[in-house]
Amino acid sequence: MRSSAHLLFLLLFSLSIIASVSSWKRDEFRTCNQTPFCKRARSRKPGSSPLVGTHVAISDGDLIAKLTNPNQEDPVNPLVLTLSAYHDGVLRLQIDEDPSLDPPKKRFQVPDVIVPEFLNNKLWLQKLSEEVIGRDLGPSSVVYLSDGYEAVLRHDPFEVYVREKGGGKRVVSFNSHGLFDFEQLRVKKDGEDWEERFRSHTDKRPYGPQSISFDVSFHEADFVYGIPERATTLALKPTKGPGVEESEPYRLFNLDVFEYIHDSPFGLYGSVPLMISHGKARGTSGFFWFNAAEMQIDVLGSGWDAEDSIGLPSDQNRIDTMWMSEAGVVDAFFFVGPGPKDVLRQYTSVTGTPALPQFFATAYHQCRWNYRDEEDVAQVDSKFDEHDIPYDVLWLDIEHTEGKKYFTWDRVLFPHPEEMQKKLDAKGRHMVTIVDPHIKRDESFHLHKEATEKGYYVKDASGKDYDGWCWPGSSSYPDMLNPEIRSWWADKFSYANYVGSTPSLYIWNDMNEPSVFNGPEVTMPRDALHYGGVEHREVHNAYGYFFHMATADGLIKRGNGKDRPFVLSRAVFPGSQRHGAVWTGDNTAEWEHLKVSVPMVLTLGLTGVAFSGADVGGFFGNPEPELLVRWYQLGAYYPFFRGHAHHDTKRREPWLFGERNTELMREAIHIRYMLLPYFYTLFREANTSGVPVMRPLWMEFPADEATFSNDEAFMVGSSLLVQGIFTERAKHASVYLPSGQSWYYLSSGTAYKGGTTHKMEVLEDSVPTFQRAGTIIPRKDRFRRSSTQMANDPYTLVIALNSTQEAEGELYTDDGKSFEFTKGAYIHRRFVFSNGKLTSSNMAPYTSGKSQFSSGCSIERIVLLGYSGGPKSALIEPANHKADIELGPLFLRKGRSPTVLTIRKPNVRIGEDWTIRVM
C-alpha cells in the first residue's frame, strides 16, 4: 500500500502538471534558436552546398545518380539520388545514404502511408537526354514527366526542377539556391557531446546530428499555402528576409497546446508538409516532403537573397522557401498542377483520398467534457427534442471511464451503457466515446497487464517501458509503429473486449500527438525507442496517424468489414484523411478564434484532410450569446460540425441563452440538415478526387486575384459562398463575390452581381451566404430528430440560373453506412437545366453483377431562381404528366419565407432518368 506521503506527492505533482498545461506558456516550447538543427540550417548561406551529380543513369525505370563533393579535403560519403516519374505529372525525388557503405543505421522512412495504387502508377523511364542549360559549363539530364512537363537534374551545381516541356518555364525547383545539407550518420568521436538539453530534459541523441535542409522555389507564384497545423492566415506570410518582423519559421511538430494563440507560425497538433503555390500567371503547383520528424519551414521574403550571386532565371513572382528537418530522408514529391484541383488530385494519389464518412457523421454533433452521467445524457437528448433541434451524435469525454482507463465505464455514473446507447439509437442517434493512447499503469487494469506482458509499449532510451504522465497519471503508450500492435489494438474494439459498446458507438482519439504532461514540450522524449529501433524523433509526427489508423481498423473489424468507421483524431499527418475526421483542437471562445477557424479548416482541406472543423463556441471560456450564435451560423458550413466545451465552462447547450438565441441556433442547425444531401455529395467528390468540401475562393476562381488572400469567406463545394461575421455587434459586412456570374443570396433568393465587393446589411439570423448562378443544389427541407430519420424524405432542387438561363449540379446518395458503395451500390445523378428543360441523367458506371442501391425518394419541389418569363406549368417525361408552377416559399419552415417560382410535386424519382420542360 502506498504511503500517505507518497500519495500526497502524486497529488501535488498531478496538480502541477495539469496547471502547467492549462494555458499557453511560450517558454515551455522550443524556438528555432533553441533547436540546434534549425539554428544550423538557418545560418547557411546561398551557394554553400558543394554537391554535384555524377554517375547519372537509368536503372529499373528510374533516374539514378550519386551526389558527391569533389572539392572537400575530407570528403563525406556519396549520397544516392533517385528520380521517379508517375502518372498525372507527379515527380518523386529520393536522397539517402548509400546502404552499400554501411552507415551506422538505416535512416527511417515512414511506412503504410503511400497507397499501393500510387506505386503501381510508376512510369518506367526509358531514356534521358543531356542538355547544356544557360551558361552552365556541363550538361544537365532531362527526363519525361508528362505530356506537358519534364524533370531536370542539373549536375553542377546540383539542382532538380520541373519545367514546361521543350525547355519552357520552371514550375518547382529544389536546391536552386544551393542550401542543401544532409548530415550523415556516423560513429561518435572522442570528446564529442551529442546531447541536447531543453529545460530539465536531456536528449541523448545516440546517432548524433542527422538533419536535412534545402531550399524549394515556386515559380510564377503569388502566394503559398498549406503546411498545417497552425492558427494563422491562409496565405503564408514571409518568416525571414528584409522587413520581416516574425523571425520564427513555421513549425511542424505535433504538440498539445492548450489555448493556443492565433496569428502565430507555432506548430499545433498536426503536421502535413505539403505546400501549394498559386499565381495568376501560371496556376497552381505543389511540393510535399514525406517525413515524420520535426520540421521547420521558412517562407523567404523578397530580397532575402540580395547577396546571392547564383542568378536564377528572372522570375518576378518566384517564392523561395527553406525546409529543415531533424531526421529522416529526402522523399519529396513535385506536383505540377496546373489547376488547384489538379494538385489535390495528384497529392491524394500519393497519400490516399479522404474516406467517405457515414451519413450521420456529416450532421450535427453535441459534445462536452463531460456529460455527467446517464441522467444527464437523457436530459440533454430530450431537450433537443423539446426545442425541435436535430442532432445525430452525443459525445462522452474521459470522465465516463473508470479511473481514466479506456474501454471501461464508470459503473456508478454509467451503469447501463448499452441501454443508454440503444435509447439514442431508437431516435437514429449515435454516441462517441473517447479512447486516448495513454494506458494507465495499473496492475489491475487488464489492458496494461497484457501490453506489459507482450512488450507492446514504446521504450525509453534505456529499453524499459516508457512511463509518462497524462490524464490517468502514470501511463505508457502502445508502439503503434508495429503492425502487430496495431492489430492487437484494433481487436480491443470488439463487443466482447469493449464491454458496454454497441453498433451505434463510435470513437474519438484525443491526446495522440502523443501528449505527455511531464515530457519535453509536453510530448514524448525524442530518444524513446519504437519498433525496429526507430527513435521517436524520427516517427513523432506520425504517431497519432498510426493510432488513428489502428482505431479505424478496429471499428471495421468490429463490424466484420460491413460498416464504415467514424473516428475523430486530434493529431494529423499525411494520410490521416483515409481514416476519419480531424478537429482543430483546444480553441477559445473569442472572436479571433472564430475568425482563424476558417483558414485553419481551409488549410487542412488544401492538404487532403477534407473532414475537419473547429469546436463551435470555443473549447475554453464562456462565449457571449452573440459569439455563440455567430459560431453556430458559421460552423453549420464546416465539414465537421460539433459543439464542444471544457468542463470548467458554463453549460452552453443551444436552449440556455433565451428564446431568441435558441431560435437562431436552431435555425443554423436546421440549415445544415437541409443541406445534408449537398454536403454528402461533396464528401463523395472528396472521396473520389481529393478535392475538399470547404474550399478557398481561389480554388473555384483561380484567375480572380481578389480571391487569392481572402480567408474570411469560403466556398462549400462549387456552389455556395459563405462569409463569416467576426466582429461583435456588426451592422454591415463587406462581401466580395467573385466575377463571372451573379450570386443569389441564400436567405432571400435576391441576385447580386459578381466581380465586386458588396456592403451587406448583417442580419442576426444568418451569415451572408450565396448560391452561385449556374448551379443546382439538392436539399431536404423536412426536419427530423436526426439525419437517420430523414432517409426516406423527398428532395428539393434549387436551380440558380445564370445569364444564359442554364445551371447544373449533382446528387450522390447510397445506404449511408456500409462499404457497398465501393461495389457500385449508389445513385449518382447529374442535373442540367438548359433551353427551358431540366434533365436528370446517370453518372454512375454500369454495375451489372455488382451490388445495387435503389431509393424510393422523389423530388417534391424544384425552385427556380432567376428564371425569365412567366411559366405556368411543367411537362414531365417520360411520365407525360404536368406539374404546376407557382410562387412558393423558398424554405419550408416556420416563420416568414420569401416566395420564389416553384415546380410543385413533380414527383420524379431521384434514381431515374427524366426531363421536365418549363412551359
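Contact map, region 796-817: residues that are more than 22 Å from residue 773 (Cβ to Cβ) and modelled with pLDDT of 95 or more paired with residues that are open to solvent by 40 Å² or more (accessible area, probe 1.4 Å) and among the charged types (D, E, K, R), Cβ distance under 6 Å, separation 6+ or inter-chain. Pairs shown: 817/563. Please indicate, with yes or no, whether at least one residue in region 533-555 is of a type in the set (S, T, N, Q), touching a residue at least 60 places away in the same chain (Cβ under 8 Å), in a helix (DSSP H, G or I) and over 30 Å from residue 196 (Cβ atoms). Yes: one or more hits.
For the criterion of being of a type in the set (Gly, Ala, Ser), part of a loop (DSSP other than H, G, I, E, B) and either open to solvent by 50 Å² or more (accessible area, probe 1.4 Å) or on the phi < 0 side of the Ramachandran plot (or both), residue 48 passes.
Looking only at region 357-389, residues that are hydrophobic (A, V, I, L, M, F, W, C) and open to solvent by 10 Å² or more (accessible area, probe 1.4 Å) come to 3 in all.
Among the residues making up region 571-603, those that are closer than 16 Å to residue 687 by Cβ and either more than 10 Å from the chain's Cα centre (by Cα) or in a helix (DSSP H, G or I) (or both) are 576, 577, 578, 579. When every residue of region 181-189 is checked against the conditions, none turns out to be at pLDDT 95 or above, open to solvent by less than 10 Å² (accessible area, probe 1.4 Å), part of a strand (DSSP E or B) and under 27 Å from residue 48 (Cβ atoms).
Hey, can you tell me all the residues within region 646-698 that are part of a loop (DSSP other than H, G, I, E, B), among the β-branched types (Val, Ile, Thr) and within 18 Å of residue 613 (Cβ to Cβ)?
From region 646-698, those part of a loop (DSSP other than H, G, I, E, B) are 646-658, 675, 690-693, 696; that's our starting set.
Among the residues that remain, those that are also among the β-branched types (Val, Ile, Thr) are: 649, 691, 693.
The answer is 691, 693.
Of all residues in region 825-854, those satisfying the criterion of being within 30 Å of residue 565 (Cβ to Cβ), crowded, with 16+ Cβ neighbours inside 10 Å and at pLDDT 95 or above are 825, 826, 827, 828, 829.
Taking the conditions (1) open to solvent by 40 Å² or more (accessible area, probe 1.4 Å); (2) within 32 Å of the chain's Cα centre (by Cα); (3) closer than 24 Å to residue 548 by Cβ in turn, residue 407 satisfies each one other than (1). Residue pairs whose Cβ atoms lie under 9 Å apart, sitting 6 or more positions apart in sequence or on different chains, and linking a residue in region 71-89 that is within 16 Å of residue 286 (Cα to Cα) to a partner that is open to solvent by 80 Å² or more (accessible area, probe 1.4 Å) and part of a loop (DSSP other than H, G, I, E, B), are 85/124; 89/147. Return yes or no: is residue 542 over 23 Å from the mean Cα position of the chain (by Cα), open to solvent by less than 10 Å² (accessible area, probe 1.4 Å) and farther than 19 Å from residue 640 by Cα? No: the conditions fail for residue 542. Kindly evaluate residue 427 against the criterion of being open to solvent by 20 Å² or more (accessible area, probe 1.4 Å), modelled with pLDDT of 95 or more and within 21 Å of residue 789 (Cβ to Cβ). Yes. Out of everything in region 855-873 that is closer than 14 Å to residue 900 by Cβ and crowded, with 16+ Cβ neighbours inside 10 Å, what residue ends up being modelled with the lowest pLDDT? Step by step, filter region 855-873, then rank; the result is 871.
If the condition is being of a type in the set (Asp, Glu) and open to solvent by less than 80 Å² (accessible area, probe 1.4 Å), then region 63-95 contributes only 88. When we screen 114, 58 for residues that are open to solvent by less than 80 Å² (accessible area, probe 1.4 Å), over 30 Å from residue 240 (Cα atoms) and out of contact with any strand residue (DSSP E or B) (no Cβ under 8 Å at 6 or more places or on another chain), the only hit is 114. Give the number of residues within region 493-524 that are open to solvent by 20 Å² or more (accessible area, probe 1.4 Å) and either at pLDDT below 95 or of a type outside the set (S, T, N, Q) (or both). Going through region 493-524 one residue at a time, the tally reaches 5.
Among the criteria (1) open to solvent by 50 Å² or more (accessible area, probe 1.4 Å); (2) free of Cβ contacts under 8 Å to residues at least 60 places away in the same chain; (3) not charged (D, E, K, R), the one residue 483 does not fulfil is (2). Residues in region 400-422 that are touching a residue at least 40 places away in the same chain (Cβ under 8 Å) and of a type in the set (Asp, Glu): 418 only. Those helices (runs of 4 or more DSSP H) of region 357-456 in which at least 1 residues are more than 27 Å from residue 543 (Cβ to Cβ) and in contact with a Phe, Trp or Tyr (Cβ under 8 Å, 6 or more places away or on another chain), considering only elements entirely within it, cover 374-386, 417-425. When 84, 141, 100 are checked against the criterion of being at pLDDT below 95 and outside any loop (DSSP other than H, G, I, E, B), a single residue qualifies: 100. Kindly check whether there is at least one residue in region 210-222 that is in contact with a Phe, Trp or Tyr (Cβ under 7 Å, 6 or more places away or on another chain), of a type outside the set (S, T, N, Q), open to solvent by 10 Å² or more (accessible area, probe 1.4 Å) and in a loop (DSSP other than H, G, I, E, B). Checked region 210-222: at least one residue is in contact with a Phe, Trp or Tyr (Cβ under 7 Å, 6 or more places away or on another chain), of a type outside the set (S, T, N, Q), open to solvent by 10 Å² or more (accessible area, probe 1.4 Å) and in a loop (DSSP other than H, G, I, E, B). Keeping to region 251-279, report how many residues are at pLDDT 95 or above and not polar (S, T, N, Q). Of the residues in that region, 15 qualify.
Of the numbered criteria (1) of a type outside the set (Lys, Arg); (2) in a loop (DSSP other than H, G, I, E, B); (3) modelled with pLDDT of 95 or more; (4) in contact with a strand residue (DSSP E or B) (Cβ under 7 Å, 6 or more places away or on another chain), the one residue 327 fails is (4).
All conditions in (1) more than 28 Å from residue 534 (Cα to Cα); (2) open to solvent by 20 Å² or more (accessible area, probe 1.4 Å) hold for residue 463, with the sole exception of (1).
For region 817-847, how many residues are among the charged types (D, E, K, R) and within 26 Å of the chain's Cα centre (by Cα)? Show your work before the answer.
Within region 817-847, the subset among the charged types (D, E, K, R) is 817, 820, 823, 829-830, 837.
With within 26 Å of the chain's Cα centre (by Cα) added as a condition, the list becomes 817, 820.
Of the residues in region 817-847, 2 are among the charged types (D, E, K, R) and within 26 Å of the chain's Cα centre (by Cα).
In the condition set (1) surrounded by 24 or more Cβ atoms within 10 Å (Cβ to Cβ); (2) in contact with a Gly (Cβ under 7 Å, 6 or more places away or on another chain); (3) in a loop (DSSP other than H, G, I, E, B), residue 568 is compliant with all but (3).
Cβ separations smaller than 7 Å between residues 6+ apart or across chains give the following pairs from region 199-217 residues that are without any contact (Cβ under 8 Å) to a residue 60 or more places away in the chain to residues that are among the basic types (Lys, Arg) and not in a strand (DSSP E or B): 208/186; 208/188. Residues that are part of a strand (DSSP E or B) and of a type in the set (D, E, K, R) were ranked within region 123-138; the one that is surrounded by the most Cβ atoms within 10 Å (Cβ to Cβ) is 131. With the structure loaded, tell me whether residue 263 is among the charged types (D, E, K, R) and within 25 Å of residue 706 (Cα to Cα) or whether it fails that test. Against the criterion (among the charged types (D, E, K, R) and within 25 Å of residue 706 (Cα to Cα)), residue 263 qualifies.
The values are calculated or read from the model by the stated rules, or taken from the named source; none is laboratory data. Since this is a predicted model, take the numbers as computed values, not measurements. All Cβ positions, even for glycine, are placed from backbone atoms using ideal geometry, and neighbour counts span all protein chains on display. Quick note on the areas: whole protein, heavy atoms, side chains included, nothing else; ligands and nucleic acids left out. Shrake-Rupley method; radii C 1.70, N 1.55, O 1.52, S 1.80 Å.
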